[in-house]
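Written below as structure tokens is the structure these notes are about.
FYI, it's all coordinate maths here, none of it is from the lab. Keep in mind that this is a model prediction, so the values were computed, not measured. Here the Cβ positions follow ideal geometry from the backbone for every residue, glycine too, while neighbour counts run over all protein chains shown.
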Amino acid sequence: MKKLVLSLAIALSAIQLHAQYGSVELSSGGFSFVPNFTSEDPHFIVNMGTSSEKRLSVHLLSLVRAESLVPRNAIIMTRYQLLDSRFKLSIGTHLPAIQINDDYSVDSFFAQEVLTDYQINERWSVRSMYLHGKGRNLDLEINFFTAGGAYSYKKFSSYSQVWVLDLDNGFGLSQTFGYEVAPKFTLKAFANQTLSNGGDFIWTVGLSRSF
């Protein structure tokens, strides 16, 4: 555990020193790449990294419980862009991804991802993501795929997606909205409707400050 914390501290310091973007969001929920894993408890969402316009980039995503300020997770992602044109293709690893549970036990995961982005015009693009994750110290393995359309115009942005998860045959629809209410401040909203296994509905709202 001490070695893991030390390694993360060194990695986070390195990312922070070379970060080219960053934001902190206060949200009514907690973000997850898999929409139906989204937490309904308030969180601070920390996001920073190097420029995605370069071939190799490094990114950090961390959720911090708003009530106790105790981190819930930390994910360090490295991504390499194979194609960089109107059609973009990149591959990446989540190495490591850790989750700190309510009893302060720690689960760690390794994951691999494939991302695509096709720019239709200045406002519309089509995106997809495949994610494979496997627990390091727990018996969990998932395959996740999502695809959807992104729209951006002036201060408004949105992303509509369909997703499929091989855990419990999950699938559903989700929607993300963003609106820049002031320079560096963006109001965000997210909603997910799981269509399998009872069809749970999750929604969150948040305010993000970019740096």
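Quick one: Karplus J couplings for segment 88-102, per residue in order, coefficients 6.51, -1.76, 1.60, θ = phi - 60°, nearest Hz, x for Gly and Pro?
Whole-Hz 3J(HN,Hα) from phi for segment 88-102: 10, 9, 9, 10, x, 10, 9, 9, x, 10, 10, 10, 9, 7, 4.
Which whole-number percent gives the relative contact order of the chain, counting Cα pairs below 8 Å spaced six or more residues apart?
Dividing the mean separation by the residue count of the chain yields 14 percent.
Using modelled backbone amide H atoms (1.01 Å from N, in-plane), which distant-in-sequence or interchain residues come within less than 5 Å of ASP41's amide H?
Excluding prolines and chain starts, which carry no amide H, the hits are GLY30.
State which stretch of the chain is the longest one without any exposed trypsin sites (Lys or Arg not before Pro), exposure meaning a DSSP loop state and at most 13 other Cβ atoms within 10 Å.
Answer from the scan: 1-53.
Return, ordered by residue number, the residues of segment 126-147 whose backbone nitrogen is under 14 Å from a label point located 7 Å along Cα→Cβ of PHE171.
Answer for this model: 144-147.
Suppose only helical runs count, i.e. DSSP H with n ≥ 4. What mean residue ellipticity at 222 nm does that imply for the chain under -39500 (n - 2.57) per run, divided by all residues and rounded to the nearest 500 deg cm²/dmol?
-2500 deg cm²/dmol
Work out from phi, with θ = phi - 60° and the Karplus expression 6.51 cos²θ - 1.76 cosθ + 1.60, the ³J(HN,Hα) of each residue of segment 51-62, listed in order in whole Hz, and give x for Gly and Pro.
5, 6, 7, 8, 4, 10, 9, 10, 9, 10, 10, 9
For each pair in LYS54/LYS184; LYS134/LYS188; LYS134/LYS154; LYS134/LYS155, compute the distance between the two Cα atoms and list the pairs where it is over 28 Å.
Numbers: LYS54/LYS184 23 Å; LYS134/LYS188 30 Å; LYS134/LYS154 39 Å; LYS134/LYS155 38 Å.
Correct reply: LYS134/LYS188; LYS134/LYS154; LYS134/LYS155.
Which distance in Å, rounded to a whole number, links the C-alpha centroids of segment 103-127 and segment 176-211?
That distance is 16 Å.
Suppose each label sits 7 Å from its Cα in the direction of the beta carbon; what would the PHE156-ASP103 distance come out to in nanometres?
4.8 nm
Can you work out ³J(HN,Hα) from phi for every residue in segment 136-144, in order, using Karplus 6.51 cos²θ - 1.76 cosθ + 1.60 and θ = phi - 60°, giving whole Hz and x for Gly and Pro?
Going residue by residue, I get 8, 10, 8, 8, 8, 9, 10, 10, 10 Hz, with x marking Gly and Pro.
Taking segment 118-202, which GluC sites (Glu not before Pro) meet the DSSP loop condition and have no more than 11 other C-beta atoms within 10 Å?
Listed in order of number, the matching sites are GLU122.
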